[in-house]
Amino acid sequence: FQHYTSADNCRSAFKAPLEPSTALGGFSGNNYSENELLPMAQSQNLTLSFSSESSIEEELKRESTADAITIVISYLVMFAYISLTLGDTPRLSTFYVSSKVLLGLTGVVLVMLSVLGSVGFFSAIGVKSTLIIMEVIPFLVLAVGVDNMCILVHAVKRQPLELPIEGRISNALVEVGPSITLASLSEVLAFAVGSFIPMPACRVFSMFAALAVLLDFLLQVTAFVALIVFDFLRAEDRRVDCFPCLKISSPNADSDKGIGGVRRPGLLARYMKEVHAPILGIWVVKIVVIAIFAAITVASIALATRVEPGLEQQIVLPRDSYLQGYFKNVSEYLRIGPPLYFVVKNYNYSSESNQTNQLCSISQCDSNSLLNEIARESLRPESSHIAKPAASWLDDFLVWVSPEAFGCCRKFTNATYCPPDDQTPCCSSGSGSCGLGGLCKDCTTCFRHADLNNDRPSTMQFKEKLPWFLNALPSADCAKGGHGAYTGSVELQGYENGVIQASSFRTYHTPLNKQRDFVDSLRAAREFSSRVSKSLKMEIFPYSVFYMFFEQYLDIWRTALINLAIAIGAVSLVCFVITWSLWSSGIIMLVLAMIVIDLLGVMAILDIQLNAVSVVNLVMSVGIAVEFCVHITHAFTVSIGDREQRVKEALGTMGASVFSGITLTKLVGVIVLCFSRTEVFVVYYFQMYLALVLLGFLHGLVFLPVVLSIFGPPSRCKLVEKQEDRPSVSLRP
């Protein structure tokens, strides 16, 4: 909007004329409008809406700092929750020992180091970071990294206390190490796939995210494991958290021990094993769960077709931006669309060529010429989005050189250009009469009918008179002068050879208010140009100022679906390589696909558009959704018993970690984003992330256990037992 309105003298929505910002003699157009014109309009009881070429750029810079406090608060809330959930059940008498604030802080530091490492590496090789990288990737890596931290710490707590800390760490890594590796590598691969997205914003984001998640995983399985050892040694030695130099004694040192020297499971773990799992084990419940989730997926597939491509400009701006009112008024009151130019390349104007008649629309022109086709398209603006016939420099030039337009193309006796009688030097400002006995009394028309070939100039005549036409000022005696109207419509460089390298014919789109209107108008113009180019065998393409922003939306559905399919397939491949089980990989792929499809359905319900930001979120959702599936699936495959028993055991060991360490961690960080001042954070981060977390939780802790209890793969532990009983028999999973 702002580009074409300022280029056409930047009229406000209420018809108050403004000059473009470039014409303000060094002043900022926004400051001038705000400090000078706006008070002037308000003093006259008028409402003024304005924009300039730099308005959006300046407001985006302001937006980048507008939500800094909100983002910091989100990180702090996540850090506070990490410190709380990593510690033991809080008791006032032992809280200062059992809390793990220092461990949580060091974990967050490792996350920040991984982000800095990723940014530093790509900056060193010349890849620039963007706003979305600096604001989203720390949040993403923190959300992913917190999951692994909670799972590792909870796994260590589940080990027998009589074992030395090294033994507990070893057993914990055996228990959860494969699933953490599987989840992290799947996330890395999902983001790495996104680096092949043709959209620069998505590609750069995916590159930074893939390396950051990989570095975070490496730091967690090395440095964070070592920090866990130090923190558990501190707690067992009764040293105060954050102040390990202080040591206290307490009679409740072993209050968390259960039978056999094992920590008593927490309330959440007991709920998962004793309440949640038995309820899901009821056959009626299983049928209802599968039916509901299948119905939601089918409905989401139908709803996904309603997701429209685009990104409303109002969303990316702060809510208090002056441009919010400008875009609203443009949409409500402006009745002209952006200018549309049909550019013709290598137009051969020589007498031997018929291309002149293939382009023009006056007498003797072809009925299927470009300008006639544009005029026909303007008669059906609902589908073509063309508002009116094109202004044609070629038509006006042919009329201008015609002998009938005797006041237009004229020459002095020395064969130089002679302007119309009502222009200087034929008419001076102080003269009472013009063209009578003055300098132009001997001017004659450029051509007679006998000089033209079927009313068309020859190659030499065309070449000689075209610069005259483009420099001729329109006036009452000759309104066809091309200066001003067509000054930039013809590229004269190299035209002496009989070929004009580029020229344009200007018309206007119909008023475009919604993002879909812009995309449809671009597609219609492209299709029209392609059809006419093939018909006339000439190279013709459309151009409007907004095309460069909306071209990405022509193929964004195809781009999104291809990359989502590749990401899900790549994650499934990683699952197969690590687990060596097509059965487990297929179930994980099914759940991931359902989560992504349901997320698309939520986007349709919430009117979230498909653009670079939402495509990044969808690709990212594949990596994050793995967290909700892989840990439960891995715990199921290494448990012993029938499917019901293994589901119960998997929920008892990993269900609590998935809920408290994955679901709630992301939830507390996401909720803070709803207080953002910028709509883009509320729509594309709060709403989409919240939907992703809730869908991942429901699929991971409700749907997945039911599927595993019915169709789950066999236990890998059974194979080990058979090998011990019959070592001579070789069995493969």
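Within segment 521-536, count every residue that is within 11 Å of Leu370 (Cα to Cα) and either polar (S, T, N, Q) or open to solvent by 60 Å² or more (accessible area, probe 1.4 Å) (or both). I'd like the intermediate steps shown before the answer.
Let us first name the residues in segment 521-536 that are within 11 Å of Leu370 (Cα to Cα), namely 528-529, 531-533, 535-536.
Now narrow it down to the ones that are either polar (S, T, N, Q) or open to solvent by 60 Å² or more (accessible area, probe 1.4 Å) (or both): 529, 531, 533, 535.
Here the count works out to 4.
Considering each residue of segment 227-263, count those that are open to solvent by less than 50 Å² (accessible area, probe 1.4 Å), closer than 14 Å to Lys157 by Cα and modelled with pLDDT of 80 or more, and give that number.
Adding up the residues that qualify gives 5.
Condition check: more than 30 Å from Leu690 (Cα to Cα), of a type in the set (Asp, Glu) and either modelled with pLDDT under 85 or in a helix (DSSP H, G or I) (or both). Does Glu166 satisfy that?
Details: more than 30 Å from Leu690 (Cα to Cα): yes; of a type in the set (Asp, Glu): yes; either modelled with pLDDT under 85 or in a helix (DSSP H, G or I) (or both): yes.
Yes.
May I ask you to verify whether Phe636 is assigned to a helix (DSSP H, G or I) and out of contact with any helix residue (DSSP H, G or I) (no Cβ under 6 Å at 6 or more places or on another chain)?
Numbers: assigned to a helix (DSSP H, G or I): yes; out of contact with any helix residue (DSSP H, G or I) (no Cβ under 6 Å at 6 or more places or on another chain): no.
So Phe636 does not fit the description; no.
Could you tell me whether any residue of segment 394-404 is open to solvent by 20 Å² or more (accessible area, probe 1.4 Å), more than 60 Å from the chain's Cα centre (by Cα) and either of a type in the set (Phe, Trp, Tyr) or modelled with pLDDT of 85 or more (or both)?
Taking segment 394-404 as the starting set, the residues that turn out to be open to solvent by 20 Å² or more (accessible area, probe 1.4 Å) are 396, 399, 402-404.
If we keep only those that are more than 60 Å from the chain's Cα centre (by Cα) as well, we get none.
The answer is no, given that none of the residues of segment 394-404 is open to solvent by 20 Å² or more (accessible area, probe 1.4 Å), more than 60 Å from the chain's Cα centre (by Cα) and either of a type in the set (Phe, Trp, Tyr) or modelled with pLDDT of 85 or more (or both).
Just to check your reading of the model, which residue among Thr222, Thr181 is under 19 Å from Ser572 (Cβ atoms), surrounded by fewer than 23 Cβ atoms within 10 Å (Cβ to Cβ) and at pLDDT 85 or above?
Numbers: Thr222 fails: under 19 Å from Ser572 (Cβ atoms).
It is Thr181.
In segment 513-571, which residues are β-branched (Val, Ile, Thr), at pLDDT below 90 and farther than 26 Å from Ile500 by Cβ?
Our first condition is that a residue be β-branched (Val, Ile, Thr); within segment 513-571, this holds for 519, 532, 540, 545, 556, 559, 562, 566, 568, 571.
If we keep only those that are at pLDDT below 90 as well, we get 545, 556, 559, 562, 566, 568, 571.
Hits for segment 513-571 are Ile556, Thr559, Ile562, Ile566, Ile568, Val571.
Matching residues to (1) closer than 28 Å to Ile587 by Cα; (2) modelled with pLDDT under 90:
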site	(1), (2)
Phe675	no, yes
Phe681	no, yes
Ala691	yes, no
Gly696	yes, no
His699	yes, no
Val702	yes, no
Val706	yes, no
Lys718	yes, yes
Ser728	no, yes
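Looking at segment 39-60 only, could you name the residues that are open to solvent by 40 Å² or more (accessible area, probe 1.4 Å) and either out of contact with any helix residue (DSSP H, G or I) (no Cβ under 9 Å at 6 or more places or on another chain) or at pLDDT 80 or above (or both)? Spell out the reasoning first.
The initial filter retains those residues of segment 39-60 that are open to solvent by 40 Å² or more (accessible area, probe 1.4 Å), namely 39-40, 42-47, 53, 57-58, 60.
Of everything in segment 39-60, those that are open to solvent by 40 Å² or more (accessible area, probe 1.4 Å) and either out of contact with any helix residue (DSSP H, G or I) (no Cβ under 9 Å at 6 or more places or on another chain) or at pLDDT 80 or above (or both) turn out to be Pro39, Met40, Gln42, Ser43, Gln44, Asn45, Leu46, Thr47, Glu57.
Out of the residues in segment 436-459 meeting the condition of being more than 59 Å from the chain's Cα centre (by Cα) and of a type in the set (Gly, Ala, Ser), tell me which one is surrounded by the most Cβ atoms within 10 Å (Cβ to Cβ).
It comes out as Gly438.
Condition first: assigned to a helix (DSSP H, G or I) and open to solvent by 30 Å² or more (accessible area, probe 1.4 Å). Now tell me which residues in segment 575-585 satisfy that. Please lay out each step first, then the result.
Going through segment 575-585, the residues assigned to a helix (DSSP H, G or I) turn out to be 575-579, 582-585.
Once the filter is applied, which keeps residues that are assigned to a helix (DSSP H, G or I) and open to solvent by 30 Å² or more (accessible area, probe 1.4 Å), segment 575-585 yields Phe576, Val577, Ile578, Leu582, Trp583.
Cβ-Cβ under 7 Å, sequence separation 6+ or interchain: first residue in segment 212-227 and closer than 18 Å to Gly623 by Cβ, partner among the charged types (D, E, K, R) and modelled with pLDDT under 90. Which pairs?
Note: pairs meeting the criteria are Val213/Glu187.
Listed here are the residues, each with its yes/no results for (1) closer than 20 Å to Ala235 by Cβ; (2) open to solvent by less than 20 Å² (accessible area, probe 1.4 Å); (3) at pLDDT below 85; (4) not basic (Lys, Arg).
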{"residue": "Val153", "(1), (2), (3), (4)": "yes, yes, no, yes"}
{"residue": "Gln159", "(1), (2), (3), (4)": "yes, yes, yes, yes"}
{"residue": "Ala190", "(1), (2), (3), (4)": "no, yes, yes, yes"}
{"residue": "Gly194", "(1), (2), (3), (4)": "no, yes, yes, yes"}
{"residue": "Ile197", "(1), (2), (3), (4)": "no, yes, yes, yes"}
{"residue": "Ala201", "(1), (2), (3), (4)": "no, no, yes, yes"}
{"residue": "Val204", "(1), (2), (3), (4)": "no, no, yes, yes"}
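Looking at this structure, is Gln609 free of Cβ contacts under 8 Å to residues at least 12 places away in the same chain and either in contact with a helix residue (DSSP H, G or I) (Cβ under 6 Å, 6 or more places away or on another chain) or polar (S, T, N, Q) (or both)?
On the way: free of Cβ contacts under 8 Å to residues at least 12 places away in the same chain: no; either in contact with a helix residue (DSSP H, G or I) (Cβ under 6 Å, 6 or more places away or on another chain) or polar (S, T, N, Q) (or both): yes.
For Gln609, the condition - free of Cβ contacts under 8 Å to residues at least 12 places away in the same chain and either in contact with a helix residue (DSSP H, G or I) (Cβ under 6 Å, 6 or more places away or on another chain) or polar (S, T, N, Q) (or both) - is not met.
May I ask you to list the residues in segment 672-709 that are open to solvent by less than 20 Å² (accessible area, probe 1.4 Å) and outside any helix (DSSP H, G or I)?
Within segment 672-709, Ser676, Thr678 qualify.
Only one residue in Ala375, Ala390, Ala302 is under 30 Å from Val591 (Cβ atoms) and either out of contact with any His (no Cβ under 8 Å at 6 or more places or on another chain) or among the polar types (S, T, N, Q) (or both), so which one is that? So that I can check it myself, show each step before the final result.
Details: Ala375 fails: under 30 Å from Val591 (Cβ atoms); Ala390 fails: under 30 Å from Val591 (Cβ atoms).
Of Ala375, Ala390, Ala302, the one residue that is under 30 Å from Val591 (Cβ atoms) and either out of contact with any His (no Cβ under 8 Å at 6 or more places or on another chain) or among the polar types (S, T, N, Q) (or both) is Ala302.
Kindly evaluate Leu618 against the criterion of being modelled with pLDDT of 85 or more and closer than 19 Å to Ser195 by Cα.
Values: modelled with pLDDT of 85 or more: yes; closer than 19 Å to Ser195 by Cα: yes.
The answer is yes for Leu618.
Can you tell me which residue within segment 644-671, out of those that are of a type in the set (Lys, Arg) and either assigned to a loop (DSSP other than H, G, I, E, B) or modelled with pLDDT of 85 or more (or both), is most open to solvent (accessible area, probe 1.4 Å)?
Selected residue: Lys648.
Only one of (1) assigned to a helix (DSSP H, G or I); (2) among the β-branched types (Val, Ile, Thr); (3) at pLDDT below 75 fails for Thr89. Which number is that?
Failed condition: (1).
Residues in segment 273-289: is at least one in a loop (DSSP other than H, G, I, E, B), open to solvent by 40 Å² or more (accessible area, probe 1.4 Å), at pLDDT 80 or above and among the hydrophobic types (A, V, I, L, M, F, W, C)?
Residues of segment 273-289 in a loop (DSSP other than H, G, I, E, B): 281-282.
If we keep only those that are open to solvent by 40 Å² or more (accessible area, probe 1.4 Å) as well, we get 282.
Going one step further and asking which of them are at pLDDT 80 or above, we end up with 282.
Now restrict to residues that are among the hydrophobic types (A, V, I, L, M, F, W, C): 282.
Checking segment 273-289: at least one residue is in a loop (DSSP other than H, G, I, E, B), open to solvent by 40 Å² or more (accessible area, probe 1.4 Å), at pLDDT 80 or above and among the hydrophobic types (A, V, I, L, M, F, W, C).
Here are the criteria: (1) in contact (Cβ under 8 Å) with a residue 12 or more places away in the chain; (2) out of contact with any Phe, Trp or Tyr (no Cβ under 8 Å at 6 or more places or on another chain); (3) part of a helix (DSSP H, G or I). Tell me which single one Tyr508 does not satisfy.
Of the numbered conditions (1) in contact (Cβ under 8 Å) with a residue 12 or more places away in the chain; (2) out of contact with any Phe, Trp or Tyr (no Cβ under 8 Å at 6 or more places or on another chain); (3) part of a helix (DSSP H, G or I), the odd one out for Tyr508 is (3).
Do you know which residues across segment 294-328 are open to solvent by 20 Å² or more (accessible area, probe 1.4 Å), part of a helix (DSSP H, G or I) and not polar (S, T, N, Q)?
Result: Ala294, Ala295, Ile296, Val298, Ala299, Ile301, Ala302, Leu303, Tyr322, Gly325, Lys328.
Taking Ser351, is it hydroxyl-bearing (Ser, Thr, Tyr), modelled with pLDDT under 90, farther than 30 Å from Cys674 by Cα and more than 40 Å from the chain's Cα centre (by Cα)?
Values: hydroxyl-bearing (Ser, Thr, Tyr): yes; modelled with pLDDT under 90: yes; farther than 30 Å from Cys674 by Cα: yes; more than 40 Å from the chain's Cα centre (by Cα): yes.
Yes, satisfied.
Please verify whether segment 476-498 includes one or more residues that are in contact (Cβ under 8 Å) with a residue 40 or more places away in the chain and either part of a strand (DSSP E or B) or within 30 Å of Glu312 (Cα to Cα) (or both).
Yes, there is a match, as at least one residue in segment 476-498 is in contact (Cβ under 8 Å) with a residue 40 or more places away in the chain and either part of a strand (DSSP E or B) or within 30 Å of Glu312 (Cα to Cα) (or both).
Among Tyr543, Tyr547, which is of a type outside the set (A, V, I, L, M, F, W, C), open to solvent by 20 Å² or more (accessible area, probe 1.4 Å) and farther than 30 Å from Leu592 by Cβ? Show your work before the answer.
Numbers: Tyr547 fails: open to solvent by 20 Å² or more (accessible area, probe 1.4 Å).
Result: Tyr543 is the single residue among Tyr543, Tyr547 that is of a type outside the set (A, V, I, L, M, F, W, C), open to solvent by 20 Å² or more (accessible area, probe 1.4 Å) and farther than 30 Å from Leu592 by Cβ.
Can you confirm whether segment 210-218 contains a residue that is more than 20 Å from Ser660 (Cα to Cα), hydrophobic (A, V, I, L, M, F, W, C) and at pLDDT below 85?
no
Kindly check whether there is at least one residue in segment 517-539 that is part of a strand (DSSP E or B), closer than 18 Å to Leu394 by Cα and in contact (Cβ under 8 Å) with a residue 40 or more places away in the chain. Explain how you work it out, then say what you get.
Taking segment 517-539 as the starting set, the residues that turn out to be part of a strand (DSSP E or B) are 539.
Imposing the further condition that a residue be closer than 18 Å to Leu394 by Cα reduces the set to 539.
Right, trim to in contact (Cβ under 8 Å) with a residue 40 or more places away in the chain and you get 539.
Looking for residues that are part of a strand (DSSP E or B), closer than 18 Å to Leu394 by Cα and in contact (Cβ under 8 Å) with a residue 40 or more places away in the chain, one finds at least one in segment 517-539, hence yes.
The values are calculated or read from the model by the stated rules, or taken from the named source; none is laboratory data. Remember, it's a predicted structure, so these values are computed and weren't measured experimentally. Heads up, the Cβs are rebuilt from the backbone with ideal geometry, glycines too, and the neighbour counts pull from every protein chain shown. Heads up: the accessible areas ignore ligands, DNA and RNA and are worked out on the full protein's heavy atoms, side chains in. Shrake-Rupley method; radii C 1.70, N 1.55, O 1.52, S 1.80 Å.
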